[in-house]
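The values are calculated or read from the model by the stated rules, or taken from the named source; none is laboratory data. Everything numeric here is computed off the predicted structure, so don't read it as measured data. Cβ sites come from the backbone with ideal geometry, for glycine too, and all protein chains shown count toward neighbours.
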């Protein structure tokens, strides 16, 4: 099956890339999740529009990505969330919450789609968060989740 990626998919490609995948993977995962769209001649014309939007969002070059990575690694990011008596959160921490916490801590503006959570964050504690800034640069920082009073 030939598809056009609309979002970055690890190990597959970036938005605007035309890739060939197995029928089941495309039909059962990529298309329903909104990560891709079917390739047609009409959709082929939208590729340039997708790539233009990606260029506007992405970090310009490797040097800038490394600067942002250094800035993130030296940052102390705290997030206060509503929690119960045993430290269990009401709900969970999302990538949007992480991006907002980084910005409030004085960090750089991040794209929520580039934030990789280690799994569902549903309890108070410290969690390592990865951010894919560039295909060659991944920054890691520690998110401290505390109970909001």
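Out of 131, 99, 145, which single residue is assigned to a strand (DSSP E or B) and touching a helix residue (DSSP H, G or I) at 6+ places or on another chain (Cβ under 7 Å)? The match here is 131. Of all the residues in the range 17-30, those that are within 9 Å of residue 5 (Cα to Cα) and either crowded, with 16+ Cβ neighbours inside 10 Å or out of contact with any helix residue (DSSP H, G or I) (no Cβ under 8 Å at 6 or more places or on another chain) (or both) number 3. When residue 67 is tested against (1) free of Cβ contacts under 8 Å to residues at least 24 places away in the same chain; (2) part of a loop (DSSP other than H, G, I, E, B), only condition (2) is not met. For the range 33-85, a residue qualifies if it is closer than 17 Å to residue 13 by Cα and modelled with pLDDT of 85 or more, and the qualifying residues are 33, 34, 35, 36, 37, 38, 39.
Output yes when any residue across the range 101-108 is touching a strand residue (DSSP E or B) at 6+ places or on another chain (Cβ under 6 Å) and closer than 28 Å to residue 6 by Cβ, and no when none is. Yes, because at least one residue in the range 101-108 is touching a strand residue (DSSP E or B) at 6+ places or on another chain (Cβ under 6 Å) and closer than 28 Å to residue 6 by Cβ. The residue pairs whose first member lies in the range 71-91 and is part of a loop (DSSP other than H, G, I, E, B), whose second member is loosely packed, with under 13 Cβ neighbours inside 10 Å, and whose beta carbons are closer than 6 Å, counting only pairs six or more residues apart or on different chains, are 82/90; 82/148. Could you tell me how many of the residues in the range 106-125 are outside any loop (DSSP other than H, G, I, E, B) and surrounded by 15 or more Cβ atoms within 10 Å (Cβ to Cβ)? The number of residues fulfilling the criteria is 6.
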